[in-house]
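Since the structure comes first, as structure tokens, the remarks are kept for the end.
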Amino acid sequence: MLTCAPSLTLHDTGLEIGLGDEKPAYFNYYWLRDNCATSFDPETRERVFDIFAQTAPPTPLEALVEDGSLRIVWAGDRHVSSYPLAWLARHAQAKPRPDPAIMPRKLWYGDHYPHIPRFALPALQSDRATRKAWVHTLLSEGIALVTDMPDTDQALEDAATLIGVPRPTFFGLYFDVNLHAKPDNLAYTAKALELHTDVPSEDLPPGVQFLHCRANSTEGGESLFVDGAAVAAELRRTHPDDFTLLCETLVPFYDEHDAYDMRARQRVIELDERGDISGVTISQHMADVFDMDQHFLDRFYPAFCRFGRLLQDTRFLMRFRLNAGECIVFDNHRIVHGRAAFKAGSGARHLRGTYTDRGELRSAWRVLSNEGRFQP
Ligand SMILES: [Fe+2]
């Protein structure tokens, strides 16, 4: 052990440095060498230093504190690294990097329709502050309306690309919800479409859904939307054992037709790493034959049905008519949606949809908040 200065002590595997806290902070030499400022390419902002290429464990030849920075000359190549003490202080405790995209969810209920934030597409395209308010709404409330959508395919792509890259499901990159002659999905019929989240039969169901209403003059066909996080919170409060079952059980989902056989398992209620309710997955039309132990199903089915009935409760169920020129945008892992039956032939009905991922929504928020590690 070599003491260089009162505030700096070098050990075999790392060093201790006084940063103003009660105890000195410890930093591992590999970590210090790996995170030297020169390890990151200023243009690509990616790490270009190769820690695997070090033939010997990184060891300081010299280390000292000067001008508010820790300066290390490394043995071997005599590379010089400089670490501002304020930067070291931010990493002194093993805490996850603060993420502005993690924000409290504002739960909503059946009376939410008049309060859904509305954003005109031209304003979203031209004004960063409007875009920021929209992305914030989608993260906190999980649903927003985009208005003033032109009656074109391009309009949907324009709206989606404001958040991220449109992503396909096995239905394709875009889908048109209208009457199909040979439907392979209930959405393509005039029948009621029960409350669901989309495509749980995929390994990673799509994150943010865009549904652009191009025409809606039929009798019936009202849109149904529910904040699944609000319903799950109510179940957690009233029936905690049911809640736990739905959080822990992997449920089989499927979608099978002539040319595909998609299968995946999902949890009905999803918790994030903090234990907060982050989403729900539900779809009776894509739920496979449950293959769990039959005695386990004695407990699971009542919990599953209690949750399914609660989703339909008028306290939570928002019912409204989506108008031509509007695009409803919502978190497909949180917001449960459906459609009332409509009278075929009573008018025109055409919705065009696509998705982006939740990760891109969070990315959009971090960029709009200027909260990255690399600021221009
Ligand atoms: Fe759907």
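Data table
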{"quantity": "Candidates A341, A364, filtered to the one that is in contact (Cβ under 8 Å) with a residue 40 or more places away in the chain, touching a Gly at 6+ places or on another chain (Cβ under 8 Å) and more than 23 Å from A133 (Cα to Cα)", "calculated": "A341"}
{"quantity": "Residues of the stretch 240-296 classified as open to solvent by 60 Å² or more (accessible area, probe 1.4 Å), part of a strand (DSSP E or B) and farther than 23 Å from P104 by Cβ, total", "calculated": "7"}
{"quantity": "Looking only at the stretch 348-374, and only at residues there that are part of a strand (DSSP E or B) and basic (K, R), the one that is nearest to the chain's Cα centre (by Cα)", "calculated": "R352"}
{"quantity": "Where a residue in the stretch 325-338 is under 23 Å from D148 (Cβ atoms) and its partner, wherever it lies, is open to solvent by 10 Å² or more (accessible area, probe 1.4 Å) and near the ligand (Cβ under 10 Å from one of its atoms), with Cβ under 6 Å and at least six apart", "calculated": "I328/L211"}
{"quantity": "Qualifying residue in the stretch 229-245 (condition: within 16 Å of the ligand (Cβ to nearest atom) and under 18 Å from the mean Cα position of the chain (by Cα))", "calculated": "no"}
{"quantity": "A160 being more than 30 Å from L64 (Cα to Cα), open to solvent by less than 70 Å² (accessible area, probe 1.4 Å) and free of Cβ contacts under 8 Å to residues at least 60 places away in the same chain", "calculated": "no"}
{"quantity": "Options V208, V177, V146: the member that is open to solvent by less than 50 Å² (accessible area, probe 1.4 Å), β-branched (V, I, T), within 23 Å of G325 (Cβ to Cβ) and more than 14 Å from the ligand (Cβ to nearest atom)", "calculated": "V146"}
{"quantity": "Failed item in (1) of a type in the set (A, V, I, L, M, F, W, C); (2) open to solvent by less than 20 Å² (accessible area, probe 1.4 Å); (3) away from the ligand (no atom under 16 Å from the Cβ), with C213 passing the rest", "calculated": "(3)"}
{"quantity": "First in the stretch 65-93 and part of a loop (DSSP other than H, G, I, E, B), second anywhere and surrounded by 14 or more Cβ atoms within 10 Å (Cβ to Cβ), Cβ under 6 Å, 6 or more apart", "calculated": "G68/L85; A75/T59; A92/L19; A92/A25"}
{"quantity": "In the stretch 180-193, the residues that are open to solvent by 20 Å² or more (accessible area, probe 1.4 Å), within 10 Å of the ligand (Cβ to nearest atom) and in contact with a strand residue (DSSP E or B) (Cβ under 7 Å, 6 or more places away or on another chain)", "calculated": "L186"}
{"quantity": "Failed item in (1) open to solvent by 10 Å² or more (accessible area, probe 1.4 Å); (2) in contact with a Lys or Arg (Cβ under 8 Å, 6 or more places away or on another chain); (3) within 16 Å of the ligand (Cβ to nearest atom), with R349 passing the rest", "calculated": "(2)"}
{"quantity": "Among the residues listed as I51, I72, the single one being open to solvent by less than 60 Å² (accessible area, probe 1.4 Å) and in contact with a strand residue (DSSP E or B) (Cβ under 7 Å, 6 or more places away or on another chain)", "calculated": "I72"}
{"quantity": "Complete set of residues in the stretch 94-120 that are in contact (Cβ under 8 Å) with a residue 40 or more places away in the chain and touching a helix residue (DSSP H, G or I) at 6+ places or on another chain (Cβ under 7 Å)", "calculated": "P100, A101, R105, L107, W108, Y109"}
{"quantity": "Hits in the stretch 326-336 - residues which are within 9 Å of the ligand (Cβ to nearest atom) and touching a Leu at 6+ places or on another chain (Cβ under 6 Å)", "calculated": "none"}
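Residues are listed down the side, and each one gets a yes or a no for (1) in contact with a helix residue (DSSP H, G or I) (Cβ under 9 Å, 6 or more places away or on another chain); (2) at pLDDT below 95; (3) on the phi > 0 side of the Ramachandran plot:
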{"site": "F253", "(1), (2), (3)": "no, no, no"}
{"site": "D261", "(1), (2), (3)": "no, no, no"}
{"site": "E273", "(1), (2), (3)": "no, yes, no"}
{"site": "I277", "(1), (2), (3)": "yes, no, no"}
{"site": "F290", "(1), (2), (3)": "yes, no, no"}
{"site": "R299", "(1), (2), (3)": "yes, no, no"}
{"site": "R306", "(1), (2), (3)": "yes, no, no"}
{"site": "D313", "(1), (2), (3)": "yes, no, no"}
{"site": "E326", "(1), (2), (3)": "no, no, no"}
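The values are calculated or read from the model by the stated rules, or taken from the named source; none is laboratory data. Everything numeric here is computed off the predicted structure, so don't read it as measured data. Glycine also receives a Cβ, built like all others from the backbone with ideal geometry; neighbour counts cover every protein chain displayed. Quick note on the areas: whole protein, heavy atoms, side chains included, nothing else; ligands and nucleic acids left out. Shrake-Rupley method; radii C 1.70, N 1.55, O 1.52, S 1.80 Å.
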